[in-house]
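The block underneath contains the structure these notes are about, expressed in structure tokens.
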Amino acid sequence: MKCDTCDGKGYIEVEQECRICSGTGKSKSFDPKITAELSEEQLKLFMQGICGVCGGTGMEKRMEVCQDCRGTGKAGKCRVCGKKVVGNHDLCSDCRRKPHAYLLKNSCGLEDVRLGKIYAGRVSSVTDIGAFVNLNKRLRGLVHRRNLRNTPLKENDDVFVRVENIRPTGEIDLAVAEGKDYLIVEVSKEAPLLKISQLESATGRMVEVRGRVEHIKLTGGPTIFTIADETGLVNCAAFEAGERAYPEINADDVVRVIGIVKRRDSKLQIEVLEMERLLGKEASEIERLIEREIERKAEPEFRGFLIESEVLENLKDQMMNVARELKKAVLESRPIILRHHWDADGVCGGVALEIALLDYIERVHPDPDAKNYLVRRKVSRAPFYELEDVVKDLDESLEDMAKFGDKIPLVVLVDNGSGQEDIPAIEQMLIFGADVITVDHHFPDDEVDRYLLIHVNPYKAGGDSSYTSGVLCTEIARMITDRDLKILPAVSVVADRAEGEVERYIELSGYERDYLHDIGLALEFEGFYLRFRPASQIVHEILGFGRKDRMQKLVRTLSSHAKEAIEGNVRTAMDGVRVQMLPNGIALAALDVENYAKKFTFPPPGKLTGEVHDRLKRQYDRLVTVGYGPDFAVIRSEGVNLDIPRIVKELEEEINAGVDGGGHLVVGSLKFIQAKRKEVLAKLAAKIGNI
């Protein structure tokens, strides 16, 4: 701490009456003896009748040694009682008279040990020659048997010792100190306080940094603390032989760290010697600076949309907000869960955000393992965020919080999350403090907005389901990374059969429509057998983010197997299709999926119903195809103004059959209890007939 009186200079300016002019400022005469001390300008003033010493002010300034700090410029508090002390002392005069012992913090080295001083230590081992005592993690001395003074010592005993000798080899000779009622004075090394951005030039040196703990990772060796200040992030490794170092320090605590700057692989790392929590005004100021800088760094970079679109322009602010929240989560070491539907559109959307975030983590995060715990892409089999998914997500997140001090995650729902059926799972996440973002193109329910941090949906900006999740997520991803992601919206548009201006993405990709269709088919075929596994390596290869030659082989192989499976199942399914012409001119096709399709094989009921529908629509201009099983129905339509979410709500109110479901306006599904299947399907057919 600096001396308040001299502001750390060690001297003060004193103003007094001029000794030459006695305070008049005028010069009638002056002592010739002082002329040698005067400058030419001062002599000219004397010639003009003005005192050249005081410049005519009558007051003279001179420098005096500061009496409060005795010229040291330093002041502080007594380490024992907290009284103000001056000079180089760390104890006040009263405490210096009392018996005291020094506790050397881990930053202290041999140069900080003084002969004759008493130190607090701990016995590390007892041998025939005496007891070895650790003064800190870096310093160890020996109490020779002759210096034990008949004191029985055993391993891990706390003991007070006096330094008897420091040998040229660095060995410390100790003796057991008499008495036990010592005041403990903690001693810490003074290391230069640096910002994290300045550590590059401090490799190999001891430094001090102050910042906020963003993440804690327990490994088989050190505990890794990721520390942030307003200039960046750095990993701090504290070694405790497999145990959790500094268990009193938690994520979001503001800390002071002293350690040695080293390089691990290509990243800087601090090997921790000391770490302590900071409180009060200092901690608040560090928090304020960090938050301000994170907001600045998290600002997304808008590179323009890949296509010209009024709908995308209307969604721009919300999409920028999503990119901002994702970047903030990375900077704060907050885990991100990407939950997407398992179909090709959902996969493309999830992969777009995954790639962008992995690129960003590589650029800004000091932990080379951060990719493994900060971003988790997960697959949802249902077209909504169901309770089975949220239970898994919460279980893993809470377990990581307990084990590693992880923060509660940011959840991003892709190709789902816009409907009433998503609310129970979202609500459960919110109870534990998570934030949920939805990027979806299904028809939205206004009620869900109450639970979401951000909701990106084309229906809210004058668009429709043609603006697929793959399109929306790719444009968001481009606000985070400059990676070429053009293939993702193209595959998404073709796989979801989107039409309109979004078809420009197909041209931008540089691939033929048929090949893009095969890529989508390969994704869905592989995804069906992967079940709930994201399998990023395989999926990235299929989408061309690996070796191009392997991509072509994968797409060709997987899509051919998928086509064979589809043709075989459609051939048998067509025998079970019953088509009825309704009075309003709509052809209603019903397919008994349970009895006319293989179970647990590709394609699943939804995909199979869609394939049957594609063949039937060549014969009928206005067509609704319903593929039904014991307790579900899948709906596909062509040329019919359907509103499936509204129909589901009406059925739920009219029949006591546990009806729920949803989807797009013209494509969707519903579930019900098996006992009411006939009644539900009859009501559904009646509603289609009344369109």
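Within region 503-557, being in contact (Cβ under 8 Å) with a residue 12 or more places away in the chain and of a type in the set (Asp, Glu) holds for Asp518, Glu524, Glu526, Glu541.
The set of residues in region 523-534 being under 22 Å from Leu472 (Cα atoms) and either part of a helix (DSSP H, G or I) or small (Gly, Ala, Ser) (or both) consists of Leu523, Glu524, Gly527. All told, Glu564 falls short of being surrounded by fewer than 22 Cβ atoms within 10 Å (Cβ to Cβ), in the same structural domain as Val375 (by TED's automatic domain parsing) and in a helix (DSSP H, G or I). The listed residues are Val411, Val439, and the only one of them that is buried (at least 22 other Cβ atoms within 10 Å of the Cβ), at pLDDT 95 or above and more than 17 Å from the chain's Cα centre (by Cα) turns out to be Val439. Just name the residue that is nearest to the chain's Cα centre (by Cα) out of those in region 201-219 that are modelled with pLDDT of 90 or more and charged (D, E, K, R). The extreme case among them is Arg212. Within region 632-657, can you find the residues that are touching a Phe, Trp or Tyr at 6+ places or on another chain (Cβ under 6 Å) and either part of a loop (DSSP other than H, G, I, E, B) or of a type in the set (D, E, K, R) (or both)? Ala657, the sole residue that qualifies. Selection over region 480-503 of residues that are of a type in the set (D, E, K, R) and buried (at least 24 other Cβ atoms within 10 Å of the Cβ) gives a count of 1.
Quick check on my filter: what residues within region 21-43 are part of a loop (DSSP other than H, G, I, E, B) and at pLDDT below 75? Matches in region 21-43: Ser27, Lys28, Ser29, Phe30, Asp31, Leu38, Ser39.
Per this entry, Val234 is counted among residues that are aliphatic (A, V, I, L, M), at pLDDT 90 or above, buried (at least 21 other Cβ atoms within 10 Å of the Cβ) and closer than 19 Å to Ala370 by Cβ.
When Lys553, Lys563, Lys548 are checked against the criterion of being over 26 Å from Leu353 (Cα atoms) and among the charged types (D, E, K, R), a single residue qualifies: Lys563.
The values are calculated or read from the model by the stated rules, or taken from the named source; none is laboratory data. The structure presented is a predicted model; accordingly, all values stated were derived computationally and were not measured. FYI the Cβ positions are ideal-geometry reconstructions off the backbone, even for glycines, and counts take in every protein chain you see.
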